[in-house]
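For reference, the structure is listed below as structure tokens.
The values are calculated or read from the model by the stated rules, or taken from the named source; none is laboratory data. Computed from a prediction, not measured in an experiment: that's the story for all the values here. Neighbour counts run over all protein chains shown; Cβ positions are idealised from the backbone, glycine included. Calculation scope for accessible area: heavy atoms of the full protein, side chains included, ligands and nucleic acids excluded. Shrake-Rupley method; radii C 1.70, N 1.55, O 1.52, S 1.80 Å.
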Amino acid sequence: MIEIADLRVVMADRTILDLPRLAIQAGRRYGLIGENGSGKTTLLRVLAGTLLPDAGSIRGLDPRTMGYLPQSPYVFSFSVLRNVVLALQDSPTAEKDALAALEKVGMASFIRHRADRLSGGEAQRVALARLLAKAHQVLLLDEPSSATDIRGMDAIEQVLLDYWESNACTLVFSTHSPAQALRLAQEVIYLEDGQIVEMGSADELLRSPKHPKTRAFLNHWLIDQQNNHSA
Amino acid sequence: MIDRILDLFFGPNPEFRQIVAVTLRMSLFSTLVSTLLGVPLGVLIGANEFRAKPLVSRLVDTLMGIPPVVGGLVVFLLLSRSGPLGSLKLLYTVTAMVIAQVLLITPIITGMASNIVSIRAPSIRETCHGLGIPPGRRLWYTILECRVPFISIVLAGFGRAIAEVGAVQMVGGNIQFKTRTMTTAIMMQSNMGYFDLAVALGFVLLIISFTINSLVHLIQDRERRD
């Protein structure tokens, strides 16, 4: 279990994350939802260790067994295959594992392509394959399918669910889409202004939110979806 | 003009060939030393976050704009007979010219390399951290990712070295068959009213500059195509 206590991140005199307590159960799938600037990325970055908090503690998270996919992962100007292999350098089966990971995300036919010339969605899938080529106990993903289309999103979600099942890992991801959270997460955390407004099982929180702020966010999201659909 | 240049290159008088040789030797060597100093320094500054970084960056930016005569004066004072390094007897040698150029070019290479690295480093750092790639290898990947701009930066440094006149004149002394370079020779010939040789030398400098720029474009085009 990952235990967060009195966590605070301040930037330019503004508190952007303030979490008095948060417990993340091992082996569960957590979805972080909220508007832009709600603290989803900050929380993931603090958990990943790429951002140091101004106060507080995180216990039960071993950086050696953690994998983290940033919102805009860097793809190197090497081939797609080499991009994945570089994350597995110490493994004698690096190339085989890299190919298997690329196969899963549907990028096996791109292995000789230069990764930095791919489209945003393709690059995101390569970055995901690079992360999933290795077994992690905790997986932190910042909007793992933000650059992909609906079909790509379905494929990524399925890959993540398969990975979670076969590795029995803890999955924490952020998304702008409550629908994706419902499909992928068992637990959902709604963040606003760097604070947890509501947290609970995905089904309960997204279908019958208790907090008015969560209801308002979900209503806004639904209206946006309807507007996009009718447009 | 072409006849004049060909005559200078292949004619009986060795002075012109000697001037070009000194210029190339000095520029190549000072660029090499500046690259060996400037690129690693730029990578270290650009790829890392530390408290003194803004101050260091400001210092490098300031040194990037140091007037050549000021750089030349510093080296002159260091190497002059009464200076702290006077005993080395390096003043009015090609070595002194290289030292002066290194002083001028290293901050340029450092600053440009640091800027390039600092654009890519945060994203590479975060991605590598998430993949569990150790810091040493992370730095190597950062250098690899910046390889093309680095080549352009080094060639820009060479361009600066070959065109420099103020510092080279001060510490080299423009001595015939010893420290005379194309730029100092152009200045001297113009002052003496011998514009023929000055124009021919200028023409050769332009050709070298054109070759360097073509090389930079060639590398960039190849990178875009691959």
(Q) Quick check on the range A:138-155: of everything there that is buried (at least 23 other Cβ atoms within 10 Å of the Cβ) and not in a strand (DSSP E or B), which residue is farthest from the other protein chains (Cβ to nearest Cβ)? (A) A:Ser145
Q) Residues of the range A:13-49 being among the aliphatic types (A, V, I, L, M) and within 22 Å of A:Arg183 (Cα to Cα), which ones? A) A:Ala23, A:Ile24, A:Ala26, A:Leu32, A:Ile33, A:Leu43, A:Leu44
Q: Pick out the one residue from B:Arg81, B:Arg58 that is of a type in the set (D, E, K, R), in a helix (DSSP H, G or I), over 15 Å from the mean Cα position of the chain (by Cα) and farther than 19 Å from B:Val165 by Cα.
A: B:Arg58
Q: Return a yes/no flag: does the range B:2-20 have any residue that is part of a helix (DSSP H, G or I) and under 16 Å from B:Gly166 (Cβ atoms).
A: no
Q.
Against the definition (away from chain A (no Cβ under 14 Å), part of a helix (DSSP H, G or I) and either open to solvent by less than 30 Å² (accessible area, probe 1.4 Å) or not β-branched (Val, Ile, Thr) (or both)), how does B:Val102 come out, yes or no?
A. yes
Q. Can you tell me which residues in the range B:134-190 are closer than 30 Å to A:Leu86 by Cα, in a loop (DSSP other than H, G, I, E, B) and open to solvent by 40 Å² or more (accessible area, probe 1.4 Å)?
A. B:Pro134
Q. Among A:Arg28, A:Arg8, A:Arg64, A:Arg59, which is the only one that is open to solvent by 30 Å² or more (accessible area, probe 1.4 Å), touching a residue at least 24 places away in the same chain (Cβ under 8 Å), among the basic types (Lys, Arg) and under 24 Å from A:Leu161 (Cα atoms)?
A. A:Arg28
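Name the one entry in B:Ile109, B:Ile116, B:Ile124 that is touching a helix residue (DSSP H, G or I) at 6+ places or on another chain (Cβ under 9 Å), within 14 Å of chain A (Cβ to nearest Cβ), part of a helix (DSSP H, G or I) and closer than 17 Å to B:Ala156 by Cα. Even if it seems obvious, please write down each step before you answer.
On the way: B:Ile109 fails: within 14 Å of chain A (Cβ to nearest Cβ); B:Ile124 fails: closer than 17 Å to B:Ala156 by Cα.
Residue meeting the stated conditions: B:Ile116.
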Q) In the range B:191-205, what count of residues is obtained for those that are open to solvent by 70 Å² or more (accessible area, probe 1.4 Å) and at pLDDT below 90? A) 5
Q: Answer yes if at least one residue in the range A:118-132 is touching a strand residue (DSSP E or B) at 6+ places or on another chain (Cβ under 6 Å), open to solvent by less than 50 Å² (accessible area, probe 1.4 Å) and part of a strand (DSSP E or B), and no otherwise.
A: no
Q.
Can you pull out every residue in the range B:2-30 that is loosely packed, with under 13 Cβ neighbours inside 10 Å and either among the aliphatic types (A, V, I, L, M) or in contact with a strand residue (DSSP E or B) (Cβ under 8 Å, 6 or more places away or on another chain) (or both)?
A. B:Ile2, B:Leu6, B:Ala21
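Within the range A:75-89, is there a residue that is more than 14 Å from every other protein chain (Cβ to nearest Cβ) and either touching a strand residue (DSSP E or B) at 6+ places or on another chain (Cβ under 6 Å) or within 29 Å of A:Asn219 (Cα to Cα) (or both)?
Looking through the range A:75-89, none of the residues is more than 14 Å from every other protein chain (Cβ to nearest Cβ) and either touching a strand residue (DSSP E or B) at 6+ places or on another chain (Cβ under 6 Å) or within 29 Å of A:Asn219 (Cα to Cα) (or both).
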